[in-house]
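Here is the structure we will look at.
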Amino acid sequence: MADIIKLLPDHVANQIAAGEVVQRPASVVKELLENAIDAKSSTIKLIIKEGGKNLIQVIDNGVGMSETDARLSFERHATSKIRQAEDLFKLHTKGFRGEALASIAAIAHVDMHTRPEDKELGTHLKIEGSKTIFQEVAVTPKGTSISVKNLFFNIPARRNFLKSTPVELRHIIDEFHRVALAHPNISFHLYNNGNELFNLPQSNHRQRIVHVFGNKTNVKLVPVEEDTQVVKISGFIAKPEFAKKTRGEQFFFVNDRFIKSPYLHHAVVAAFEGLIKSDTHPGYFLYLTVAPSSIDINIHPTKTEVKFDDEHTLYAILRSTVKHSLGQFNMMPSLDFES
Ligand code: ADP
Ligand code: MG
């Protein structure tokens, strides 16, 4: 029989990869913000129109890119962040897959301005559906600005699947919060349809939480602190009386990356046992620092899940640390008093 297997053209492979990385406008926001952080920016601006359906733009003041790098950044598996497989176990960057820009450019219209500090002139590059429209020399500030328009223009099924503008905006704000809470040392701005929604100055963790969730949050916070061989834990839990029926203010960060972990969530809930009603959820902002070699972040393209080397030990430490903080603040089980 005749040979029938063919390598897919790059733009098709990119579009397939995009299906995993880019679910909605908020996924683009996450990838662009993380790139801006990896570029060592101190100020990052996010500009949105119509919940990201008309525009998602991220402007940073980071290291920028050379002309060649600007072009290469849109190739798949093109990254400055790792060189070899071993580097996956000593990650200090948000990115490493080299897939985000290639994926986004495969399914949207992208316009990029970028300039490294040591160059007088920068690069302006336009790319639509993996096709370079032009690349030219441009006068532009130090750093990088990327705008993404017409998301899913060539995937009608995805475009039609987008939710209403307020719903997509909500997802974007959630993503913005996660990134901003992980990096209080960076100032972040968010504008939607020309209105400033957030203006977060450089600060520390507590101040950032209060800036994001409002002044009323401050009184809720009980500090959590622990330093062991396995993990360093810092951050805050919300006092038991602020436990809510709805989930929401629950954040784990591992090495400055927001992650979802039902297992670790359970450890925190277990520490609150007897202090909150079983149909309510405790609030927390917990920052875990572990050796990069003890985790695997490469288990899902969106990198919101982590595989820990020794999750049982982590669970036990987390639970007892949270319990200890609750105890220190002298909050005896109010439910016990009732009986
Ligand atoms: P990854 O972040 O996994 O490396 P991306 O596709 O997100 O992959 O980006 C590709 C490369 O483009 C990055 O490795 C980086 O070198 C460069 N890059 C992307 N965004 C920026 C930015 N805002 N500032 C400077 N360089 C950037
Ligand atoms: Mg990236």
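So the values come out like this:
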quantity: Tabulated pairs, region 33-45, first free of Cβ contacts under 8 Å to residues at least 60 places away in the same chain, second near ligand 2 (Cβ under 9 Å from one of its atoms), C-beta under 7 angstrom, 6+ apart or interchain; calculated: ASP38/LYS81; ASP38/THR93; ASP38/LYS94; ASP38/GLY95
quantity: Complete set of residues in region 200-220 that are in contact (Cβ under 8 Å) with a residue 60 or more places away in the chain and within 21 Å of VAL322 (Cβ to Cβ); calculated: HIS205, ILE209, LYS220
quantity: Single match in ILE233, ILE276 (criterion: among the β-branched types (Val, Ile, Thr) and in contact (Cβ under 8 Å) with a residue 60 or more places away in the chain); calculated: ILE233
quantity: Yes/no for VAL58 being within 13 Å of ligand 2 (Cβ to nearest atom), among the aliphatic types (A, V, I, L, M) and under 20 Å from the mean Cα position of the chain (by Cα); calculated: yes
quantity: Residue that is nearest to ILE186 (Cα to Cα), among those in region 1-42 that are away from ligand 2 (no atom under 16 Å from the Cβ) and in a helix (DSSP H, G or I); calculated: PRO25
quantity: So HIS189, is it assigned to a helix (DSSP H, G or I) and either under 16 Å from SER320 (Cα atoms) or not aromatic (Phe, Trp, Tyr) (or both); calculated: no
quantity: Candidates ILE127, ILE155 - the one that is away from ligand 1 (no atom under 13 Å from the Cβ) and hydrophobic (A, V, I, L, M, F, W, C); calculated: ILE155
quantity: When residues of region 62-79 are limited to those that are closer than 18 Å to VAL139 by Cα and surrounded by 21 or more Cβ atoms within 10 Å (Cβ to Cβ), the one nearest to the chain's Cα centre (by Cα); calculated: GLY62
quantity: Helices (runs of 4 or more DSSP H) (entirely within region 220-339) containing at least 2 residues that are at pLDDT below 95; calculated: 311-328, 334-338
quantity: Hey, GLN250 surrounded by 13 or more Cβ atoms within 10 Å (Cβ to Cβ), touching a Phe, Trp or Tyr at 6+ places or on another chain (Cβ under 6 Å) and of a type outside the set (Gly, Ala, Ser) or not; calculated: yes
quantity: Residue within region 20-30 that is of a type outside the set (D, E, K, R), on the phi > 0 side of the Ramachandran plot and either in contact with a helix residue (DSSP H, G or I) (Cβ under 8 Å, 6 or more places away or on another chain) or at pLDDT 95 or above (or both) present; calculated: no
quantity: Among the residues listed as GLU136, GLU175, GLU225, the single one being acidic (Asp, Glu), touching a residue at least 12 places away in the same chain (Cβ under 8 Å) and touching a helix residue (DSSP H, G or I) at 6+ places or on another chain (Cβ under 7 Å); calculated: GLU175
quantity: Candidate set: region 43-61, residues that are surrounded by fewer than 22 Cβ atoms within 10 Å (Cβ to Cβ) and not in a strand (DSSP E or B); chosen: the one nearest to ligand 1 (Cβ to nearest atom); calculated: ASN61
quantity: Residue pairs meeting the criteria (Cβ under 9 Å; at least 6 apart or on separate chains; first in contact (Cβ under 8 Å) with a residue 40 or more places away in the chain, in region 72-88; second of a type in the set (Asp, Glu) and near ligand 2 (Cβ under 10 Å from one of its atoms)); calculated: ARG76/GLU99; LYS81/ASP38
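Rundown of residues vs (1) closer than 29 Å to THR114 by Cβ; (2) buried (at least 17 other Cβ atoms within 10 Å of the Cβ), yes/no style:
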residue: HIS189; (1), (2): yes, yes
residue: ASN199; (1), (2): yes, no
residue: PHE213; (1), (2): no, yes
residue: PHE242; (1), (2): no, yes
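The values are calculated or read from the model by the stated rules, or taken from the named source; none is laboratory data. Nothing here was measured: the structure is a model prediction, and the numbers come from that model. Note that we place each Cβ from the backbone using ideal geometry, even for glycine, and neighbour counts take in every protein chain shown.
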